[in-house]
Amino acid sequence: MKRKVVVAAYVLEIVGDIEATLRGPYKNTDTRDRAAKRLREKDAEKENGIFALDLMKNGKLHIWAYSAGFLDEAVATAEEIRFINHYQCPDDRTEWTDRWNCACNDKCPTCNKEIEPYEAKRSMLPASP
């Protein structure tokens, strides 16, 4: 059985069902999925289509819709969240926060530049057993 290898992970956002915006590449599919969830959070009216786009090792594109409810789930379960990371892009001044299990870099949701958190606060949530 051949293994499908993702070379680059992107988010394809269709703004108002009219304008396509390709965001990425992200460092992995998990980071891409978190970016997709943040885009959904910003789109309270749920007017934009948000799709995953994978560039495969064989050069083919795989575009797929997220399953029902995936984009509306919490970014991570309470057991996984250990840090609240705060970011600001030095290029376009976009600011955002992300909850994750480590103080990790993230991609700017506007220009896609990789950014280190300027502050990473430990969450008060209990550790996983």
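The values are calculated or read from the model by the stated rules, or taken from the named source; none is laboratory data. The structure displayed is predicted, hence computed values, not measured ones. Here the Cβ is made from the backbone with ideal geometry for all residues, glycine too, and neighbour counts use every protein chain on show. Note: areas computed on protein heavy atoms with side chains; ligands, DNA, RNA excluded. Shrake-Rupley method; radii C 1.70, N 1.55, O 1.52, S 1.80 Å.
Go through region 18-32 and give me each residue that's among the charged types (D, E, K, R), touching a residue at least 24 places away in the same chain (Cβ under 8 Å) and either in a strand (DSSP E or B) or open to solvent by less than 70 Å² (accessible area, probe 1.4 Å) (or both). If the condition is that a residue be among the charged types (D, E, K, R), touching a residue at least 24 places away in the same chain (Cβ under 8 Å) and either in a strand (DSSP E or B) or open to solvent by less than 70 Å² (accessible area, probe 1.4 Å) (or both), then R23 is the only one that fits.
If only residues of region 89-108 that are in contact with a Cys (Cβ under 9 Å, 6 or more places away or on another chain) and open to solvent by 60 Å² or more (accessible area, probe 1.4 Å) are counted, the one that is modelled with the highest pLDDT is D91.
Each row is one residue, and each column tells you yes or no for (1) open to solvent by 70 Å² or more (accessible area, probe 1.4 Å); (2) under 21 Å from V5 (Cβ atoms); (3) modelled with pLDDT of 85 or more.
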residue	(1), (2), (3)
R40	no, no, yes
L53	no, yes, yes
M56	no, yes, yes
L61	yes, yes, yes
S67	yes, no, no
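Looking only at region 69-82, residues that are at pLDDT 80 or above and either more than 17 Å from E41 (Cα to Cα) or open to solvent by 90 Å² or more (accessible area, probe 1.4 Å) (or both) come to 0 in all.
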